[in-house]
Amino acid sequence: MLVTALFVVRTRDLLAATMLLGAYSLLSAGMFMVLDAVDVAFTEAAVGAGVSTILMLYALVASGRFERTPTRPQWLPLLVVLATGAALVWGTFDLPPVGAPGNPVHQHVAPRYLQQSGAEIGIPNVVTSVLASYRGYDTLGETAVVFTAGLGVWLLIGGLQRRGAAAPVLASAPHANLILRVVSKFLIPVILLFGLYVQFHGELGPGGGFQAGVILASALIVHLQVFGADQTRQIVPESLLRVLAPLGVLLYGGTGVAGLLLGGNYLDYHPLGRTPVGGQHLGILLVELGVALTVSSTMLLLCYLFAARVARR
Amino acid sequence: MSGALVTCGVAVLVAMGLALARALLGPSVYDRILAVNSFGTKTVLLIALLGAVAGRADYFDVALLYALINFVSTVAMMRYCESAEASTAPEPGTGGSEPGESAEPSP
Amino acid sequence: MSAHAQLLIVLLPLLAAPLAALMRTPDAAWALATAIAWSVLSLALLLLLQVQAEGVLSYAIGGWAAPWGIEYRLDPLGALLQLLLAAVAAAILPWTRQSAARELERARLPGFYAALLLLQAGLLGIVATGDAFNVFVFLEISSLSTYALIAMGRDRRALTAAFRYLILGTLGATFYLIGVGLLYALTGTLNMADLAARLPAVADTRTAHTAVVFVTVGLGLKLAMFPLHAWLPNAYAYAPSAVTALLAATATKVALYVLVRFVWTIFGAEFAFGAIPLAALLGVLAVLGMLIASAVAVRQDEVKRLLAWSSVAQIGYALAGLALASGAGLAAALLHLANHGLMKGALFLALGNIAWRFGNTRLSTLRGLGRAMPWTMAAFVAGGLSLVGVPLTVGFVSKWALLQAALAAGAWWLVGAIALASLLALAYVWRVVEVAYFEASESRDLRCEAPLGLLLPTWLLVLANLWLGIDTRWTLGLAEAAARALAGAGL
Amino acid sequence: MSSLGLYNYWIVIALMMVGLYAVIARGHLVKKLIGLTLFQTAVFFLYISMGFVHGGAAPILSEGVAVYSNPLPHVLILTAIVVGVATTALGLALVVRIREAYGSVDEDELERMDSDA
Amino acid sequence: MTWLQLLATLLLGAGSLLLLLAGIGLLRFPHFYARLHAAAVVDTLAAALFLAGLGCLFGATLGTVKLGLILLFLLFTSPTACHALARAAWVSGLREPAQPGEPPPSPS
């Protein structure tokens, strides 16, 4: 893994670096699996190897593939890095060893999640419980961050009128690769189904709104890659996405407000249902829907924006 | 039985290493894409194996996702190459950083 | 409703942002943003009164009790900060309408207001929360919107400035994340009050010391502490005027607030200052920052840049107050925080008026403006005097408090540095005044004052400057109360 | 996986430093973002390592499992990953714009052009 | 050891072996199109065997269904990706290296 990382940094061919970054991402996701973080692995793979690779490729088309040979002195950064590293290593000597069950991390706060969430929230995936309910406010913030990014990118590179059919790059329909087209046609519905499965299965197994959002978006990204952005835009117009992304945040926030109006604190789902657990269920369902809505529309919107911008060049 | 599984795990890891080596060596972009794709496939297998060892079917969801992402990113990289070849030649004065890298189409 | 005010103050702008993004016309989005800004201001006032009456407020989000759920926690310091943020935003947003309409494309204006709302929500959220990780999330909300907003500036250098800020800002946030992670590994909790309670038991470990360093460096990047300030001047200089005013008045203040929060509430002053030579470090950096940044400011030809460098210097004052590690120093630093927000807000709005009229703020543009735009320039002069620290302005009040604290602590080096930096401030303000009032411009004898919609908000802030400079009891009382709540009566 | 000890942390730190180096030392803006991603991923590892319990299972409640790994770091990192990709996207958008405005994405060249202007 | 387990072991063993062979091929073959064979053909078969083996281990549960899905997915995507890749490489003008002595083929 270190080797991959080093190579990513060393090479001046940014395309290779990007591809290897994708591999590195898959590798780290594998490591996350080994360390029992299934949900994290899920997300890292979807985001690191999927979305950010694609976005980086777009940026590379726009910005050129090769890096100049560095001209400035390299010892100063090296020094900074080494100093930081030394400080960190020094700091780890008093850390409790990895994996020991007696570590403070496992003694305080977390046990409650593991022991009580079954009764309090009633869904097996503790990560989802904590994510959507105990620390639901963080997740609202996270959704807002995604929305902010989409908004920011749109402010920066969006809203261009395309001028005629200027030599489209990446956004173009490829010169009819039949096999790819046919297989994609089969796959896209399957991927969409899988996305829905992940969305609604998130309470039982790994997954949830965010991952589902990325998967749903990636189905359309495949479509975009294979059939060209113009065709995808006809299915899912950009204006729709620009409405859906804020709506997701509002759905999440609105669920919280509903709890507020029904007499609880903000994001308290208990009052939503007849029984507290039922309320939690409903709340988490709605909240995850909001996340999926924002994430999938934002991710697709990002791809549209980059594709259009790159095509203009 | 677990012994056999561990052996398989090692085999997958070694194969991953080999694929990674090819990805690092290049020499052409297509070699890299191929190697990264193959690497991804092996990751899928590894995750499936982990799931089998842990006895949890949940892991297979993750494996499926990996297969999916692998496909998506491979297609994306390919499209990049197709279009980049057409539009942007390596920039003057910037290429040639590594032998064999800059002159893509020739051997 | 007042029971939920603590939360609503953050939630209103956060949820108004997507609404604003959905709006079709710029005016509707603007009206929404302004309405929100003013309701946030009233909520902030309400909360301040509540805190003064009842002490620390706590709000359990999701109904989950503190260490398990996320807690909102408001003490006098937080209430003061929220009031500053709300007041500055409430004054700037009405001003923004005409300025933004001239500086930005019409189609992007709803998005622009949405981003402004997100920025405000992020900053308020940082102040409101009592959870160390929640700080990170809201820090990123505010940062991401800031990057986008800066990059909307007209000059292409706005893009590189935004990119540089993005890199450094993200590094800062990640360093902060590492620090918090180490603390979490030691204590198993993320709640600030809980951390504070559990930390002394493990304080004597190297990990805890490293955590202090990483949090400090990370926040230092965000608050533009002297050697880590590289992103600030260009970012302020090339962002759209309204964004500059809002950022200069609020963003670095909030990062400084988090630093104060960590040092005093979580680590405890004794540990933080005892564990690493934080006082000496902050002191040296503060003095260096004050002097060098002021000196650089004197040599600038672009007034916006000049003020940006002056901001770096002013952050030095606040840090110097912290470095004294005394209750009085802390109070002075907090006072300066608030006051600087007010004066920089006023100054950048005045500059924005000039940019609105002429499209730039180069020193040469200002020639003869004393006669051409008398009200705008008068506002600038008032703000400038405040920056220098002339009596009867807020700048004087906080400098005086800082000097007293320094004298009480026997820190003569700081007294000298403040005097010298004030001289430098006089020099750079004078440069502008000289050009504006004493260099006549043949081509421009006509009056070309900015419209009332721009002038009123500017003067609102200027008057706040003057009024709070003359009647000091209220602000001084607030800052001292906040410092007392943090440092305890003993310090 | 038996005697991880602190070793795991050191690997993580090494990864972090590699990423950090790329951010500080490299001139190409996309490379800086790549470095940033590496750096952040390493920080994620730091958290996940903390949450790991030896012999534990993934924190999905099921019968017959007594020890689970700590779910809290997982939640935090999920959020952090999302924040990371949001930052990357915004950074890349900036890169595209910078390339259009300057015709270059090398930091040194950009600085030169800025100081000329 | 039941016959199912035996079958699983056999399948897994064959899969692992093929995986290794594919890896070696990927690394050692002289040029892109040869390496493509190693990756496209052998890898897919190896993955299929591997997953089938795991499926035998799991018996008739939901897990096996999921494994089947993965298998199906891989069977679709892996050859498609490799085919498209080969095509892309060919269109872009990547050719097998010339034999020593021959002039290199000019990229189209």
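The values are calculated or read from the model by the stated rules, or taken from the named source; none is laboratory data. Small disclaimer: the values here were computed from a predicted structure and weren't measured. Every residue, glycine as well, gets a Cβ built from its backbone with ideal geometry; the counts of neighbours run over all protein chains shown. To get the accessible areas, we keep the full protein, side chains included, count just its heavy atoms, and leave off ligands, DNA and RNA. Shrake-Rupley method; radii C 1.70, N 1.55, O 1.52, S 1.80 Å.
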Gap in Å between the Cα centre of the stretch D:6-38 and the Cα centre of the stretch A:262-305? 35 Å
Please quote Rg/Rh for the protein assembly as shown to two decimal places, taking the Kirkwood radius as Rh and restricting both calculations to Cα atoms. 0.97
If one computes the Cα centroid of the stretch D:44-76 and of the stretch C:289-318, what distance in Å separates the two points? 49 Å
What is the sum of charges, Lys and Arg at +1 and Asp and Glu at -1, for the other residues whose Cβ falls under 13 Å from the Cβ of A:Pro276? -1
Tabulate in residue order the Karplus-calculated ³J(HN,Hα) for the stretch C:380-391, using 6.51 cos²θ - 1.76 cosθ + 1.60 with θ = phi - 60°, rounded to whole Hz; enter x for Gly and Pro. 4, 4, 4, x, x, 4, 4, 5, 5, x, 6, x
Against the 2.2 N^0.38 Å scaling, with N counting residues, where does the stretch B:2-87 land? I'd like the Cα-based Rg ratio to two decimal places. 1.27
Show the residues, 5+ positions off or on another chain, whose built amide H is closer than 5 Å to the amide H of C:Met373. C:Cys448
With a 1.4 Å probe and all protein chains in place, put C:Arg305, C:Arg362 in order of accessible area, largest first. C:Arg362, C:Arg305
Phi-based couplings in Hz for the stretch C:223-239 (Karplus 6.51, -1.76, 1.60; Gly and Pro marked x): 9, 6, 4, 2, x, 10, 9, 3, 7, 5, x, 5, 4, 5, 5, 10, 5
Net +/- balance of residues flanking C:Ser145 in space, Cβ distance below 15 Å, scoring K and R +1, D and E -1: 0
Working with all protein chains in place, sort C:Glu140, D:Glu111, C:Glu449, C:Glu270 by solvent-accessible area computed with a 1.4 Å probe, largest first. C:Glu270, D:Glu111, C:Glu449, C:Glu140
Sum of -39500 (n - 2.57) over DSSP H runs of 4+, divided by residues of the protein assembly as shown (222 nm, nearest 500): -25000 deg cm²/dmol
Based on the Kirkwood radius over alpha-carbon pairs, what is the Stokes-Einstein translational diffusion coefficient of the stretch C:279-333 at 20 °C with 1.002 mPa s viscosity, in µm²/s? 190 µm²/s
Long-range share for the stretch E:3-91, i.e. C-alpha pairs more than 16 Å apart as a percent of all pairs, stands at 58 percent
Chain A, dipole about Cα centre (Lys/Arg Cβ +1, Asp/Glu Cβ -1), debye to the nearest 20: 1320 debye
Which three extents, in whole angstrom, do the alpha-carbon atoms of chain C cover along their principal axes, largest first? 72, 56, 42
Give, as ranges by residue number, the residues of the stretch B:47-75 whose backbone N falls under 19 Å from the point 7 Å along Cα→Cβ of E:Leu72. B:48, B:57-72
Could you do me a favour and compute the accessible area per residue for the protein assembly as shown, 1.4 Å probe, result in Å²? 32 Å²
Order by protection proxy (mean Cβ within 10 Å, highest first), peptides A:225-234, C:237-246, C:326-335, C:407-416: C:237-246, C:326-335, A:225-234, C:407-416
Over all pairs of distinct alpha carbons, what does the Kirkwood formula give as the hydrodynamic radius of the stretch C:13-164, in Å? 16.4 Å
For the D and A pair, go ahead and give the buried accessible area with a 1.4 Å probe, both sides summed, in Å² to 100. 7600 Å²
Taking every pair of alpha-carbon atoms in the stretch A:125-311, give the share separated by more than 24 Å as a whole percent. 44 percent
Cα convex hull of chain D, projected area averaged across orientations, nm²: 9.0 nm²
Quick one: which residues, 5+ away or cross-chain, put their amide H under 5 Å from the amide H of D:Ala57? H built at 1.01 Å from N. D:Val67, D:Tyr68, D:Ser69
What figure in square angstrom, to the nearest 10, would you give for the accessible area of A:Arg242 with a 1.4 Å probe? 90 Å²
Treating only the Cβ of Lys, Arg, Asp and Glu as charged (+1, +1, -1, -1), what charge dipole size does the stretch A:125-311 show about its Cα centre? Round to the nearest 20 debye. 580 debye
Integer Hz, Karplus 6.51/-1.76/1.60 couplings in order for the stretch A:201-207, x for Gly and Pro: 8, x, 7, 8, x, x, x
Percent relative contact order for the stretch E:3-91, counting Cα pairs under 8 Å at least six residues apart, stands at 33 percent
By its C-alpha gyration tensor, with a ≥ b ≥ c as the square roots of the eigenvalues, how is the stretch C:76-137 shaped: rounded for a/c under 1.5, else prolate for a/b larger than b/c, else oblate? oblate
Extreme residue, positive dipole direction of the stretch B:2-87, given options B:Tyr66, B:Ala54, B:Gly26 (C-beta unit charges): B:Ala54
Cα gyration tensor category, rounded, prolate or oblate, for the stretch B:1-42 with a/c compared to 1.5: prolate
At R0 = 35 Å, how high is the FRET efficiency between C:Glu434 and C:Ala230 if r is their beta carbon distance? Nearest 0.05 is fine. 0.75
Taking the dipole of the protein assembly as shown about the Cα centre (Lys, Arg +1; Asp, Glu -1; charges at Cβ), the one of C:Ala295, E:Cys56, C:Ala196 that reaches farthest to the positive side is C:Ala295
Just name one of C:Gln314, C:Leu47, C:Ala487: the one whose Cα is farthest towards the positive end of the charge dipole of chain C (beta-carbon charges, Lys/Arg +1, Asp/Glu -1). C:Gln314
Nothing charged except the Cβ atoms of Lys and Arg (+1) and of Asp and Glu (-1): what's the magnitude of the dipole of the protein assembly as shown about its Cα centre? Round to the nearest 20 debye. 1640 debye
Roughly what angle does helix D:71-102 make with the longest principal axis of chain D, taking Cα atoms, 0 to 90 degrees, to the nearest 10? 10 degrees
Given 10 °C and 1.306 mPa s, how large is the Stokes-Einstein diffusion coefficient of chain A in µm²/s, with Rh as the Kirkwood radius over Cα pairs? 72 µm²/s
Find the sum over both chains of the accessible area lost when C and A are paired, probe 1.4 Å, and report it in Å² to the nearest 100. 4800 Å²
Rounded to the nearest 10 Å², what accessible area does C:His4 show when all protein chains are kept and the probe is 1.4 Å? 30 Å²
Normalised by the residues of chain C, what does the relative contact order come to in percent, with Cα pairs under 8 Å and at least six apart? 15 percent
Whole-number percent relative contact order across the stretch D:3-86, with pairs defined as alpha carbons under 8 Å at least 6 apart: 24 percent
